[in-house]
1. Starting from the eigenvalues of the Cα gyration tensor, five times each then square-rooted, give me the equivalent ellipsoid semi-axes of segment A:153-249, largest first, whole Å.
2. Return the average number of partner chain Cβ atoms within 10 angstrom of each residue Cβ along peptide A:96-107.
3. Residues of B:110-116, mean number of Cβ from any other protein chain within 10 Å of their own Cβ, rounded to a whole number?
4. Can you tell which of B:VAL148, B:VAL15, B:VAL222 shows the greatest fluctuation in a Gaussian network model of chain B with Cα springs below 10 Å?
5. Would you list, by chain and number, the aspartates and glutamates whose Cα falls below 13 Å from the Cα of A:LYS242, excluding same-chain residues fewer than 8 positions away?
6. In nm², what is the average projected area of the convex hull enclosing the Cα atoms of the protein assembly as shown?
7. Just name one of B:SER168, B:PRO229, B:GLN96: the one whose Cα is farthest towards the positive end of the charge dipole of the protein assembly as shown (beta-carbon charges, Lys/Arg +1, Asp/Glu -1).
8. What list of ³J(HN,Hα) couplings, whole Hz, do you get for segment B:190-198 from phi and the Karplus terms 6.51, -1.76, 1.60, once you set θ to phi - 60° and write x for glycine and proline?
Amino acid sequence: MPANRFNAFTEYGIGLGLRIPHYAHILERKPLVDWFEIISENYMLDAGRPLHILDQILEQYRVVQHGVSMYFGNASRPNRDHLRKLKRLTKRTQTPWISDHLCWGSVDGRFTHDLLPMPYTWEAVETTARNIREVQDFLEIPVAVENVSSYAEFHVSEMTEWEFLSEVVERADCGILLDVNNIYVSSKNHGFDPYVYLDAVAPERVAQIHIAGHTKFERYLLDTHDHPVLDPVWKMYRHATKRVGRTATLLEWDDRIPSFDEVHREALKANKFLPHAKSLAA
Amino acid sequence: MPKASPPKPVKLADVQRLMAEAVMRPLRRDEGMQTAWKDGSPAAEVAARIIKPNDRLSSFERLQIYNQQYWWRLLGAFGEDFWALRAVVGTRKFDQLAVAYLESHGSQTWTMRDLGKHLEAFLRAHPELTAPHTRLALDVVRVEWARVIAFDEPSQPVLDPQKIAAISPDGLRIGLQPYLTLLELAHPVDALLHKFKERRIETGAFSNAVAATTTRRRARIVARPSRRPVHLAVHRHELAVYYKRLEPEAYRLLTALRDGAPLADACASAFAGSKDLPTTSAEKIQRWFATWMQLGWLCPPASDRRPQAAEGSPRGA
């Protein structure tokens, strides 16, 4: 099961998030990296330095776009202006698929800039699937939705998170960006078995996997992306890759970012778990 | 009879509206969530209407995590864009004005780049938030917002000098690049910011050293107004943001062009009341135009522009 229609049948290995502190290192030393994931919103611009850097990266590397503000779960429909800008960027990057989160984040034109958790209701299933279909039709490339880490659950929920995810992706006919760290964080915060979640995910829909570090507080875990990946998350990653096969994997490290080499070393640990690993940088 | 509590919201839009309202309410001074809702009822009751408690956290505490994340994220982005304003009014006052501003002008787009779009107007309407440094604060905010514009605002194709030469100045209209901002300031903000940054580098305030924290807190920008207005262009050149001082006549000329005046009228208004000889004025204009062309500031007027694609050619397009 090397790849699927939700990642455009590509054979991507282990990627890294493209972050500003690493620009100089990447452009000067040109390290061997399978691919870079960019945050779409950082480059949905008309001009300036970020686009100039991106073009230089594109000359050397494959890039996959990941978004943080499409808010598929908003009660309102996707913003057309946002979609037009996003589509223009996809033409530039030639991203084989695009991902964003299974969450909501704005109401009545006010943006929280957060990935807020969904109430797992049938109404939310229908609304979210409608929004994903609309985005997928507009962009004309496969869309993968990422499960978020959460710190709250709603009274109105009518199903589990993994049931909600499954219902949404079936109705939208889209892919999944499976974030194993987010599942772990949410499992600790809400008291469920993360392996039950993993086993409920349709393996044929998993386009990409995220791994990351998190922070333990006294009474909850916070998804901070400022640490190496913790052992329980690596164990879940092993379990996930056994189910879904060789899948494009990305390490997220967004805060207190260490040197490029340190981040890269941490990401390449995933090679131990990927079946038939043939990562360029292995 | 006790008042009946409002029903728990069920519809997706209602749940999201109530949660967003709670998340965007300012934090208490100790950075916790406000304990009273807007109608005076306990916020814990509002939280309990939508959020389940668990064995470690109450509904209120779970909602508080999102409330804190919202404010810390927005204040962090706002503070990065307006670090010099912080140095003018001081950290405590800056934090207060930031919350007041963001409460009334929360983000209305998917990007936090535009957070400061209405800050100048807001501070003009609320001088108490920057007193007694209001004039300096306003100058600094204008420059800091101009920096945001200069960083990534689109550019237009530059004017062809041969085409300019072929048109009579009486009918020639010239536009300015959208990323260029012209400012008339009471303070030499460019020099102040430069000096402030140098001082911070010298004292190590840009490092992560613990000792630097004290220096950073104390660092302030203090200045008296200049004797004459300072005319400043904030622009982009080869992907970097720059300041360029302008002579008053050059500022007036550029401003007139930006406002749509034909070249001849713009030149006349720039030198109205000037004691310069016509030949001197003509030499200055020629020199300025050579520089502005070199910097790529001049472009077709807005009325002549076609919608532009992003800079550079999209791959595979």
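What follows draws every value from the coordinates through simple rules; no lab data is involved. Everything quoted here is computed from the prediction, not taken from an experiment. Neighbour counts are summed over all protein chains in view; Cβ atoms, including those assigned to glycine, are modelled from backbone coordinates with ideal geometry.
1. 21, 19, 11
2. Shielding by partners across A:96-107 averages 2.
3. Per residue, the number of nearby Cβ atoms from other chains is 5 on average.
4. Of B:VAL148, B:VAL15, B:VAL222, the most mobile in the Gaussian network model is B:VAL15.
5. Those aspartates and glutamates meeting the cut-off are A:ASP199, A:GLU204.
6. Mean projected area for the protein assembly as shown: 31.3 nm², to one decimal.
7. Value: B:PRO229.
8. Along segment B:190-198, the couplings run 4, 5, 4, 5, 4, 5, 5, 5, 4 Hz.
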